[in-house]
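What follows is one structure encoded as C-alpha cells, with my remarks underneath.
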Amino acid sequence: MKRKVACTIFQGVAGDHNDLAIPGAKALGEQLAQRSGATPVVIGSPAAATKADWREALTAALPDLQAMRARFEQIFSGGAISVAATSRCAVSLATLPALAKYHPDACVLWFDAHGDLNTPESSTSGFLGGLALSGPAGLWLSGLGSGLRLDQLVLVGQRDLDPFEENLIAQHNVPLIAPGPDVAERLRKAVAGRPVYLHLDCDVLEPGIVPTDYRSEGGLTLADLSACCDALAESPFSGIEIAEFQHAWRSGGAPVSPEPLLEALTPLWRRL
C-alpha cells in the first residue's frame, strides 16, 4: 500500500544569521509540495534575523520549534513519509527527536559541510546551528527531546569539523563519508540497507551551486548528490528535510530557483 506523504514548511527563526533562508524555505517547500502532491503545512512566522548566541536564539525559536516537534509527531505517528523545507539546521532540534521516537531503527544521513555535533560547552562560535545534531543525540538538553543514538548516524560531506566533533566521531565510530570518488558506493555500504532519513544542508554542495550561508570548498556536485540519492532509493525511506537553501545570493538579490537542487533528488521522488 502506498504511504501518505506529508509536506511541511518551517517559517520561523532558528538561529538565523540573515533573512534569506525563510523565503528560501518557502520557495523550496512549495516545490516539494508540487512534487509530492501533498498540501503543505506552514509552521512558524517570519521575524528578523539577529546575531544572538545559542541560548537567546533557542529561547526565541522555542515556540515554533515546539510546534514543529508536534507536527512531526503527528506525521510519524500516522505512518506518513515526511518532506520538509526547514530553513536552518537548528530546526532539526525539533524534527529528529520525533523521528527517533517513531523510527528508532532509521539511519539518519547528515549531509552537511559541518558536523553540528558541538555542545554548548564545546562550541567556540555559540551558534545554535552548530548544536543541531548533538541535541537530538542527547549530548545536551535543548528542551525539545532527544532519543537519537550515535550509531544511527552516517555523516556525509563533512570537511569543516572542530576537534571536539572529530574526537566524538572517532570515539563512537560514526561513519564519515567524505566527498570524493565513489561517494555513492561508500554511502551505500555504510547504510547497508537500513531504513533512511535524509537531512540535507545545502552547504554540503560545492560553493556556487546554490546560495547558502556558509561556503566550504571541496563539496559534493549535483551529480554526486543524485548518485547518492540513487543509492539511498534502495532502502526504506521515512523522509527528507532540506535546510540552508537561501532565497538569493545576497540580500536584495534576484530569487534563485531550487529546481536544479530538486532535480538532483529525483531518485527519491520516484520512491514517493
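The values are calculated or read from the model by the stated rules, or taken from the named source; none is laboratory data. Not measured: the values here are computed from a predicted model. Note that each Cβ is placed from the backbone with ideal geometry, even for glycine, and that neighbours are counted across all protein chains shown.
In segment 210-232, which residue that is assigned to a loop (DSSP other than H, G, I, E, B) and out of contact with any strand residue (DSSP E or B) (no Cβ under 9 Å at 6 or more places or on another chain) is surrounded by the fewest Cβ atoms within 10 Å (Cβ to Cβ)?
First, pick out the residues of segment 210-232 that are assigned to a loop (DSSP other than H, G, I, E, B): 210-219, 221.
Those left that are additionally out of contact with any strand residue (DSSP E or B) (no Cβ under 9 Å at 6 or more places or on another chain): 210-211, 213, 215-218.
Details: Val210: 21, Pro211: 23, Asp213: 17, Arg215: 13, Ser216: 19, Glu217: 11, Gly218: 13.
Taking the candidates together, the pick is Glu217.
Restricting segment 249-271 to residues that are crowded, with 16+ Cβ neighbours inside 10 Å and in a loop (DSSP other than H, G, I, E, B), the residue that is nearest to the chain's Cα centre (by Cα) is Leu265.
Selection of first residues in segment 155-171 that are in a loop (DSSP other than H, G, I, E, B) and of second residues that are surrounded by fewer than 18 Cβ atoms within 10 Å (Cβ to Cβ) and at pLDDT 95 or above, restricted to Cβ pairs under 6 Å at least 6 apart or on distinct chains, gives the following pairs, ordered by first then second residue: Arg159/Gly218.
So Ala57 clears everything in (1) touching a strand residue (DSSP E or B) at 6+ places or on another chain (Cβ under 9 Å); (2) surrounded by 24 or more Cβ atoms within 10 Å (Cβ to Cβ) except one condition, right? Which one? Unmet condition: (1). Determine if segment 20-42 includes at least one residue that is at pLDDT 95 or above, under 15 Å from the mean Cα position of the chain (by Cα) and either surrounded by fewer than 15 Cβ atoms within 10 Å (Cβ to Cβ) or farther than 18 Å from Ala248 by Cα (or both). There is at least one residue in segment 20-42 that is at pLDDT 95 or above, under 15 Å from the mean Cα position of the chain (by Cα) and either surrounded by fewer than 15 Cβ atoms within 10 Å (Cβ to Cβ) or farther than 18 Å from Ala248 by Cα (or both).
In segment 40-77, the residue that is farthest from Trp140 (Cα to Cα) out of those that are of a type outside the set (A, V, I, L, M) and touching an Asp or Glu at 6+ places or on another chain (Cβ under 9 Å) is Pro40.
Of all residues in segment 237-248, count the ones that are touching a strand residue (DSSP E or B) at 6+ places or on another chain (Cβ under 7 Å) and either surrounded by fewer than 22 Cβ atoms within 10 Å (Cβ to Cβ) or assigned to a strand (DSSP E or B) (or both). If you could, list the steps in order and put the result at the bottom.
Step one: of segment 237-248, the residues touching a strand residue (DSSP E or B) at 6+ places or on another chain (Cβ under 7 Å) are 237-244.
Filter again for either surrounded by fewer than 22 Cβ atoms within 10 Å (Cβ to Cβ) or assigned to a strand (DSSP E or B) (or both), leaving 237-243.
Result for segment 237-248: 7.
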